[in-house]
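Q: Dropping the structure in here first, questions after.
The values are calculated or read from the model by the stated rules, or taken from the named source; none is laboratory data. Predicted model, so just to flag it, every value in this text is computed and none were measured. FYI the Cβ positions are ideal-geometry reconstructions off the backbone, even for glycines, and counts take in every protein chain you see. Calculation scope for accessible area: heavy atoms of the full protein, side chains included, ligands and nucleic acids excluded. Shrake-Rupley method; radii C 1.70, N 1.55, O 1.52, S 1.80 Å.
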Amino acid sequence: MLTLPPFTYHAPATVSEAVALLAEHRGDVKLLAGGTDLLPNMKHRLFTPAHLVGLRSVRGLAEIAEKDGAVRLGPMVSIARLARDPLVEQRLPSLQAAAQAIAGPQLRQMGTLGGNLCLDTRCVFYNQTAFWRLALGYCLKKDGTVCHVVKAGKRCVAAASNDTAPALLTLGARIRVAGPLGTRDVALADFYFADGVRNLGLQEDEVLTGIEVPSPEAGQRSGFQKLRVREAVDYPSLSVAVSSALDAGGNARWVRVAVSALGARPHLVGSLESLTGSKLTSAAVAEIGRIAHRQCHPLTNINIDPAWRRDLIPVLVKRAFETCRLARAS
Ligand SMILES: Cc1cc2nc3c(=O)[nH]c(=O)nc-3n(C[C@H](O)[C@H](O)[C@H](O)COP(=O)(O)OP(=O)(O)OC[C@H]3O[C@@H](n4cnc5c(N)ncnc54)[C@H](O)[C@@H]3O)c2cc1C
Ligand code: SF4
């Protein structure tokens, strides 16, 4: 049986108390939301913080509301609530589809949106017991000096596996972060880096305190598709989200596609500006799939053939456009 290493649990009541605790124990502390990612990782000795700062009793982190032209989501909103919330269903259908596809019912009940966005990257050579990793000789991401995926690689390419990230990227989300110097807002598109050791633009003493998604425009629709081995519980092998807004004539005012679970950074597909003003015909959608395929180069960071995952990108792009749901007016 895998056991947790010893730690002291702190239960702050406010964000400033949480930030102060993170600063006080800097270097030996982690935030705990639902714990569905962090606690298994601690059992594998991937993290052994002496202090955990729980966010459950912090006030004001679990709202879902639309005001001032944006849908505001608290980081402590559970994945299960996102998956059934009527406002999310009406206004952010692709985010709801992503939430419904995360893990299984128990994990969705405990897991949170903030924890999902701040999920540690995953790799077949990293998400293993301490004994397994010792036998292999460790790796760059934890305790070692080599990468087993890219043999001469100097940078970890473990996969971002958070399903809500691509949906929120295509919806133009921004996040709010609180730290010792105050709060700052960041576009989600600028939050992630292509470094699997630490792919988040977040300091150790900072807390993600809010997610803000612009209220959908008229004619805005969005979709989400996920590739995984089983239809429940499994992490994504590939996730794709799409969003666009059509004018009264059915032409796209803009098109966004995001891809995740391939490398360390969930990211928006570039060079889609040429689609502006066009109808999203099957030929146009096939072209979007080809553009996404050219830009993505998965590696053997998970146990699924990277060439197959890459080949499925245009397929999931097509399915995501086919299943696009129109955001309903408020
Ligand atoms: C079997 C299994 C299957 C899974 N399948 C999927 C899947 O299909 N798709 C998917 O996306 N995920 C999956 N997950 C991962 C996980 O369950 C979810 O991503 C969940 O939403 C994580 O949220 P949490 O609150 O439990 O995070 P936690 O484990 O509490 O935290 C995760 C990380 O985020 C940090 N963190 C948490 N909240 C904040 C905050 N507000 N500010 C700053 N940092 C914060 C923590 O310090 C920690 O480093 C799976 C997990 C398991 C065990
Ligand atoms: S990608 Fe390489 S460095 Fe990163 S976790 Fe996997 S084996 Fe380790």
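Q: Quick one: is Val177 β-branched (Val, Ile, Thr), surrounded by fewer than 24 Cβ atoms within 10 Å (Cβ to Cβ) and under 19 Å from the mean Cα position of the chain (by Cα)?
A: It is true that Val177 is β-branched (Val, Ile, Thr), surrounded by fewer than 24 Cβ atoms within 10 Å (Cβ to Cβ) and under 19 Å from the mean Cα position of the chain (by Cα).
Q: Select, from Arg328, Arg319, Arg309, Arg290, the only residue that is in a loop (DSSP other than H, G, I, E, B), basic (Lys, Arg) and touching a residue at least 24 places away in the same chain (Cβ under 8 Å).
A: When all the criteria are applied, what remains is Arg328.
Q: If only one of Arg184, Arg265 is of a type in the set (Lys, Arg) and closer than 20 Å to Leu119 by Cβ, which one is it?
A: Criteria check complete, one pass: Arg265.
Q: Being in contact with a Gly (Cβ under 7 Å, 6 or more places away or on another chain) and either in the same structural domain as Asp190 (by TED's automatic domain parsing) or within 16 Å of ligand 1 (Cβ to nearest atom) (or both) is the filter here; which residues of the stretch 133-155 pass it?
A: Lys141, the sole residue that qualifies.
Q: Would you check which residues across the stretch 293-306 are in contact with a strand residue (DSSP E or B) (Cβ under 7 Å, 6 or more places away or on another chain) and either without any contact (Cβ under 8 Å) to a residue 24 or more places away in the chain or buried (at least 20 other Cβ atoms within 10 Å of the Cβ) (or both) and list them?
A: Hits for the stretch 293-306 are Asn301, Ile302.
Q: Oh, and also: Report yes if some residue within the stretch 183-190 is buried (at least 22 other Cβ atoms within 10 Å of the Cβ) and among the charged types (D, E, K, R); otherwise report no.
A: No; the residues of the stretch 183-190 include none that is buried (at least 22 other Cβ atoms within 10 Å of the Cβ) and among the charged types (D, E, K, R).
Conditions (1) closer than 22 Å to Thr164 by Cα; (2) part of a loop (DSSP other than H, G, I, E, B); (3) not charged (D, E, K, R), marked per residue:
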site: Val233; (1), (2), (3): yes, yes, yes
site: Ser239; (1), (2), (3): yes, no, yes
site: Ala248; (1), (2), (3): no, yes, yes
site: Ala258; (1), (2), (3): yes, no, yes
site: Gly277; (1), (2), (3): no, yes, yes
site: Val285; (1), (2), (3): no, no, yes
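Q: Here is a further query. Just name the residue that is farthest from Val53 (Cα to Cα) out of those in the stretch 125-160 that are of a type in the set (A, V, I, L, M) and near ligand 2 (Cβ under 7 Å from one of its atoms).
A: Val150
Q: On to the next question. Given the residues Ala97, Ala130, Ala83, Ala103, which is the only one that is open to solvent by 10 Å² or more (accessible area, probe 1.4 Å), more than 8 Å from ligand 1 (Cβ to nearest atom) and in contact with a Gly (Cβ under 9 Å, 6 or more places away or on another chain)?
A: None of the others qualify; the one that does is Ala97.
Q: Identify, from the list Leu275, Leu280, the residue that is touching a strand residue (DSSP E or B) at 6+ places or on another chain (Cβ under 6 Å) and touching a residue at least 40 places away in the same chain (Cβ under 8 Å).
A: Step by step, each of Leu275, Leu280 is checked, and only Leu280 is touching a strand residue (DSSP E or B) at 6+ places or on another chain (Cβ under 6 Å) and touching a residue at least 40 places away in the same chain (Cβ under 8 Å).
Q: How many residues are touching a residue at least 40 places away in the same chain (Cβ under 8 Å) and open to solvent by 60 Å² or more (accessible area, probe 1.4 Å) if we restrict to the stretch 18-32?
A: Matching residues across the stretch 18-32 total 2.
Q: May I pose another question? From Arg265, Arg230, which residue is within 16 Å of ligand 1 (Cβ to nearest atom), touching a residue at least 60 places away in the same chain (Cβ under 8 Å) and open to solvent by 40 Å² or more (accessible area, probe 1.4 Å)?
A: Arg265
Q: Picking from Ser278, Ser237, which residue would you name as being more than 18 Å from Thr323 (Cα to Cα), within 22 Å of the chain's Cα centre (by Cα) and surrounded by 14 or more Cβ atoms within 10 Å (Cβ to Cβ)?
A: Ser237
Q: Among the residues of the stretch 33-61, which ones are farther than 20 Å from Thr3 by Cβ and surrounded by fewer than 21 Cβ atoms within 10 Å (Cβ to Cβ)?
A: Arg56, Ser57, Arg59, Gly60 - these are the residues of the stretch 33-61 that are farther than 20 Å from Thr3 by Cβ and surrounded by fewer than 21 Cβ atoms within 10 Å (Cβ to Cβ).
Q: If you scan the stretch 67-80, which residues turn out to be over 19 Å from Val207 (Cβ atoms) and either surrounded by fewer than 16 Cβ atoms within 10 Å (Cβ to Cβ) or small (Gly, Ala, Ser) (or both)?
A: Within the stretch 67-80, Lys67, Asp68, Gly69, Ala70, Ala80 meet the criteria.
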